[in-house]
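Worksheet for the structure shown next.
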Amino acid sequence: AWYVPCLASLETLQELCRKENLRCKSIGITNRKLKSYEVEYLCDYKVEEGTEYYLVKWKGWPESSNTWEPEKNLKCPLILQNFLSDKNEYLSRVREGKALKVRNHVKALQPAVADYIVKKAKQRIALQRWKEELNRKKNHRAMILVENTVDLEGPPLDFYYINEYKPAPGINVINGITTGCECTDCPAEKCCPKEAGFILAYNKQKKLKIQPGLPIYECNSFCRCGPDCPNRIVQKGTPYTLCIFRTNNGRGWGVKTLQKIKTNSFVMEYVGEVITSEEAERRGQLYDNQGNTYLFDLDYDSDEFTVDAARYGNVSHFVNHSCDPNLQVFNVFIDNLDLRLPRIALFSTRTIKAGEELTFDYQMKGSIDLTSDSADGLSPSRKRIRTVCKCGAVCCRGYLN
């Protein structure tokens, strides 16, 4: 038998069951729960004969089942609070930022207000589901949060979270190494960096101590040392709780840290599809017409391969550019010693405060900014108009390219 994953949400499947009067134990629709009701969000408001009513969308029920309920029947203080906040937010924006007080004589909401409240409720639910999906798929302990207090934009429709490189057919990102260091207490004289002709990248506090441009060689899956080895940093994933948030100055999504990050700390890895440079050239021209792309040349030793994080990636997909960044790119080698295929790690260049946005310079060696109509100077076929930079840094170059 063939099995195809269902793309519909649990609530959508429950709606179908209730609409057709079907039972399905696996999605929670049993005889007992077929007629159960739980508030999903509130759609509208009115006052009739001195009584306040709210139009309720019931969780797992089609919108045709929405009902008007008096406030005394609603046991959902948070949903009520969200409804009132969304209403006042919309009215305040209409009044050009002037707070609008709710008057007692208001009998019903204007259709535009109710429409905004419903869209905001659906967005809130969609972003919550996306956050849950991201945290199911990640392979590190730290949480990923999602926040949008700026507009009605929901989760990206064509983005798939991955934790490591997704190689294109014919590209091997694991070169099949069968040996590792014999250290019982890394670093020793024959530890992995020494074998590669370089020094250990980290100090005793597990902070970076090498200069930009030098490679990082971490212990691999065949090394004798255990998971607490001080030379295993990037491979453990980000240790910080990060938040994907909507920027308020037209830069789309961004990423901020919710924890303090000390100087020279590993923050995240840049992952995506690994493709050939020829394929990157072809995709780049297609992406130009769409207005965005996320191509990162793996040019540590050669320029044969590129990482494309447009559709497949992790949190780094959402990190914005800055001319004064707080992250720096480093090439890392762990289970693949092929110099053409380093892993890309982002380390802090200074102390980063909790709540501060994370950024790196798209013009760093090995990275190509292609977030809108940008780029200049790659090749005639990839040449693009200059894009104004919105990073806001004092030393801003004015353009992303």
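Data overview
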| item | result |
| --- | --- |
| Angle between the chain longest axis and helix 277-290 axis [Cα atoms, degrees, rounded to 10] | 30 degrees |
| Solvent-accessible area per residue, Å², over the range 18-127 with all protein chains present [probe radius 1.4 Å] | 65 Å² |
| Rounded to 5, the percent of DSSP beta bridges in the range 143-360 classed as antiparallel | 65 percent |
| R282 versus E63: modelled label distance in nm, points set 7 Å from Cα along the beta carbon direction | 4.1 nm |
| Cβ-based charge dipole, the range 18-127, positive-most Cα from I79, I27, S64 | I27 |
| Net charge contributed by nearby residues that have their C-beta within less than 13 Å of K131 (K/R +1, D/E -1) | +2 |
| Surrounding net charge for I117, when Lys and Arg each add one and Asp and Glu each subtract one, Cβ distance under 12 Å | +2 |
| Sequence-distant lysines (8 or more away, or on other chains) whose Cα lies within less than 18 Å of K353 | K207, K256, K260, K262 |
| Cross-link partners of K33 among lysines (Cα-Cα below 21 Å; sequence separation of 8 or more within a chain) | K19, K25, K57, K59, K75 |
| Partners for K72 among aspartates and glutamates (Cα-Cα distance below 12 Å; same-chain residues under 8 apart left out) | E52 |
| Burial ranking of peptide ranges 312-324, 19-31, 253-265 (average Cβ count within 10 Å, highest at the top) | 312-324, 253-265, 19-31 |
| Between helix 77-94 and the chain: long-axis angle, C-alpha atoms, 0 to 90°, nearest 10 | 90 degrees |
| About the Cα centre, charge dipole magnitude for the range 6-138 (Lys/Arg +1, Asp/Glu -1 at Cβ), debye | 500 debye |
| HN-Hα J in Hz across the range 252-269 - Karplus 6.51, -1.76, 1.60, θ = phi - 60°, x for Gly and Pro | x, 7, x, 10, 10, 8, 9, 10, 5, 10, 7, 4, 6, 9, 6, 10, 6, 10 |
| Dipole moment magnitude, nearest 20 debye, the range 143-360 about Cα centre, only Lys, Arg, Asp, Glu C-beta charged | 1040 debye |
| Neighbour-limited loop hits for GluC sites (Glu not before Pro), the range 143-216 (at most 10 other Cβ within 10 Å; DSSP other than H, G, I, E, B) | E189 |
| Computed label-point distance, nm, for sites T30 and V394 using a 7 Å Cα→Cβ extension | 6.5 nm |
| DSSP beta bridges in the chain [antiparallel fraction, %, rounded to 5] | 75 percent |
| The chain: calculated mean residue ellipticity at 222 nm from DSSP helix runs of at least 4, using -39500 (n - 2.57) | -6000 deg cm²/dmol |
| In nm, spacing of pseudo-spin labels at T178 and E153 (7 Å Cα→C-beta vector) | 5.0 nm |
| Label of the coordinate-derived value, volume of the Cα convex hull per residue in Å³, listed as (1) 204; (2) 304; (3) 161 | (1) |
| Rounded percent of accessible protein surface that carbon and sulfur make up, the range 132-205, 1.4 Å probe | 50 percent |
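The values are calculated or read from the model by the stated rules, or taken from the named source; none is laboratory data. All values reported here derive from a predicted model rather than from experimental measurement. Cβ sites come from the backbone with ideal geometry, for glycine too, and all protein chains shown count toward neighbours. Ligands, DNA and RNA are stripped out before the accessible areas are found, and what is left, the full protein with its side chains, is counted by its heavy atoms. Shrake-Rupley method; radii C 1.70, N 1.55, O 1.52, S 1.80 Å.
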